[in-house]
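Quick notes on the structure that follows.
The values are calculated or read from the model by the stated rules, or taken from the named source; none is laboratory data. Model, not experiment: these values are computed from the prediction. Cβ atoms come from the backbone with ideal geometry, glycine included; neighbour counts cover every protein chain shown. Just the protein is used for accessible areas: all its heavy atoms, side chains included, with ligands, DNA and RNA removed. Shrake-Rupley method; radii C 1.70, N 1.55, O 1.52, S 1.80 Å.
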Amino acid sequence: MVDIFFSYFGYLAIGIAAAYFSGFFFLLKTRLLPQKRFTAIFSSLVIGLTIFAILTALAACRFNSVLLGIPVLAAVVFSRLRNKKSSASDSLSPVTFRSHLHNLLALWLAGLIIFSFRFYFGYLEYGQPSLHQDLIFYAKLSAYLLKTGLETSNIEYIYLEENPVLPYHYYELWLNGFFLKLFGANSVHLLYLVTYSIGILAVWTGFCALFENKLNVTRSVQILCLACLILTGVDFPDFRNKIFEFTVYLQFNTVFYAKLFPIFIGLIAALLLYLHKQEKAAYISLLFLPLVSVVSAPGVVGGLFAFVIYLFARGQKKDALELAAITIGFTLFIVIFYNVINPPGSTPYKSYLSEQLSQLLTWNNLKNMVVLELKTVLQLIVTTGLFILFTVYFIGLKDFRRSLKSNGIVLTACMILAASLSWAINEEMNDSLQFLTNLAAPVFNILMVFLLSVAWAKAFRKVYLVAIVLVYVVFNYLETIKYINVKPEFSAGFAQSVLQKLDGLNPIGVYMRHPDEYQNPYPKSSNIFPKGLYLAYADNKYAYHTINLGIFDIPINPAKVALETQLVQNTSFYKFVARQKAANTFKSIPESQNDFVEQYRIDYLLLSKDVAVPPTLESKVILENTDPVSEDRFYLFKK
């Protein structure tokens, strides 16, 4: 564990310096470097990380990446900034070596705090890596993207040519791919300890930049902004405290739930542009969000179109037409990219989404939508009402009411409304909650931090603000720990033994699960959550992946037939059997299991507790080890 800590913190320190200087020199050459310290640090760090992600994506995909839209949008935003550049920015004072060193030390120290926090809960608490299966999937997918050059959320090695290009959240995955290329370390450790830590660090510098807009950022303010990383995050209403069901708006803090850092830095960048009187650039910059995370698209695009209608009503027709044209152009790019350049294939969501859309305009659905909206508003008031009252008291009711009439507040309201309606209308759709959690919640969280910064600048007794922040920090921290602490489902000795015996063998293996392990949809797909997640901790030169041979025994939930059927049909063994049936060579599932193992020269088999070895494979395997924790068994095929 000590080796992992120092090795990966070293990678983090190098990554911070590389991103900071890359972004700094880019902004310096384009004469767009902000004058304020933390605004410049935030801009440099974000620009550097974005350059790394885009270059990695374009090189691996040979320009067939949705991130190609980012440079185009950036050119539009930069043109607005250069047209309205103030005279002061034309004569920036040079940044000295001492200033750079000072900035790097601040970044490294904050990075160490964030890194240590994550390292403790992810590695030390149980004496072995104990990461959520989502994180392991993202890390495996990042390595898969880099290896195949295919932007997809479907990890498929056997029938690679059939794997479609799919929308997903690729920004942090390609950024992790950059670090994979640079350091050649393990993808899981890099994603959790380096990529996400540096992303959280960028959010922290953004919070400092928001405070810097109102006052001097002292060390105490920097510490307060670190606390705000726990204050803010993403909410999961389905994990509400049972005592306060339907009222507690639970937030999972940014330090833990780091997947959304691209959304946070995009929103902070737009807010900073708006605060620096660059309104048009701020509106356009919001279109970066659907490129880095597709689930933000309904909220952003829907919100912008609603805002265009508002501008028309206010008589700002020229601004409305310009924003409408850019938003329509962006929407056309997305449609062309995923429907013309990359024709849609069979995906787990294709028929499921179509099924949901056909039922949108039912009276029952509209009634449920209204109920959900009212519950969400109630959650917001109960959970954050006290915080808002405190900050408004120090800001002053008159100033606060005046700010509510600004275009920025109207656009924010439009985005939150569009995101929440997207969730409410599709409530029964699996993961539709992410339309809300992945955009509306971060928007609201950042507004809370902004209110805190304004109140902090005006408050004469800041101790009251510190107290209310600490109350929310403790609440969110304790509630987050309940969810994010993932007790390992396997023993460290078993995982190490398996990895040692697999060294030099075919990385593609097979497995079978017990029916009780299929309570949720995604374990039903070996392309998403296969058995043997601990295989992802192997050396980066291996791409271990297991395929489900028991795919035809999986129970399908009647309420989610379309989604779960697609998840099953997209797996390798299902396609293998389908081909046998088409060629009239299919005999039985056990025979097909044997044929699959022989054709693809499979070397190992993982079985859950109480799952028998298929009869056609009994004479071909040797039991090598049994996990004392999960009672999973590891077999090697005889050669």
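Numbers below:
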read-out	value
Restricting region 536-565 to residues that are touching a helix residue (DSSP H, G or I) at 6+ places or on another chain (Cβ under 8 Å) and open to solvent by 50 Å² or more (accessible area, probe 1.4 Å), the residue that is farthest from Ala612 (Cα to Cα)	Asn540
Residues satisfying the stated conditions in region 261-282, i.e. surrounded by 24 or more Cβ atoms within 10 Å (Cβ to Cβ) and touching an Asp or Glu at 6+ places or on another chain (Cβ under 9 Å)	Phe261, Pro262
Positions within region 441-468 being open to solvent by 10 Å² or more (accessible area, probe 1.4 Å), aliphatic (A, V, I, L, M) and under 21 Å from Gly299 (Cβ atoms), in sequence order	Val443, Leu447, Leu451
In region 13-42, residue nearest to Phe178 (Cα to Cα) [restricted to those that are buried (at least 23 other Cβ atoms within 10 Å of the Cβ) and free of Cβ contacts under 8 Å to residues at least 60 places away in the same chain]	Gly23
Criterion violated by Leu215 - all others in (1) open to solvent by 20 Å² or more (accessible area, probe 1.4 Å); (2) closer than 18 Å to Leu107 by Cα; (3) at pLDDT 85 or above satisfied	(2)
So Lys318, is it open to solvent by 10 Å² or more (accessible area, probe 1.4 Å), at pLDDT 90 or above, more than 29 Å from Leu33 (Cβ to Cβ) and outside any loop (DSSP other than H, G, I, E, B)	yes
Options Tyr168, Tyr157, Tyr126; residue that is under 20 Å from Tyr542 (Cα atoms), open to solvent by 40 Å² or more (accessible area, probe 1.4 Å) and part of a loop (DSSP other than H, G, I, E, B)	Tyr157
Selection count, region 614-639, where residues are surrounded by 17 or more Cβ atoms within 10 Å (Cβ to Cβ) and within 21 Å of Tyr518 (Cα to Cα)	5
Scan of region 516-533 for residues that are farther than 19 Å from Tyr168 by Cα and among the aliphatic types (A, V, I, L, M), ordered by number	Leu533
Selection within region 411-436 - within 20 Å of Ile388 (Cβ to Cβ) and either of a type in the set (Gly, Ala, Ser) or modelled with pLDDT under 80 (or both)	Ala413, Ala419, Ser420, Leu436
Tabulated pairs, region 135-146, first within 11 Å of Leu190 (Cβ to Cβ), second surrounded by fewer than 21 Cβ atoms within 10 Å (Cβ to Cβ), C-beta under 7 angstrom, 6+ apart or interchain	Ala143/Ala543
Any hit, region 573-589, residues being open to solvent by 40 Å² or more (accessible area, probe 1.4 Å), farther than 20 Å from Ser525 by Cβ and in contact (Cβ under 8 Å) with a residue 60 or more places away in the chain	no
Pairs where the first residue, in region 465-476, is of a type outside the set (S, T, N, Q) and the second is outside any helix (DSSP H, G or I) and modelled with pLDDT of 75 or more, C-beta under 8 Å, 6+ apart	Leu465/Ala459
Residue under evaluation Pro94, criteria (1) open to solvent by 50 Å² or more (accessible area, probe 1.4 Å); (2) modelled with pLDDT of 90 or more, criterion not met	(2)
Residues satisfying the stated conditions in region 319-338, i.e. more than 24 Å from the chain's Cα centre (by Cα) and not hydrophobic (A, V, I, L, M, F, W, C)	Asp319, Glu322, Gly329
Number of the exception - Ala281 against (1) modelled with pLDDT under 90; (2) farther than 20 Å from Val486 by Cα; (3) in contact with a Lys or Arg (Cβ under 7 Å, 6 or more places away or on another chain)	(1)
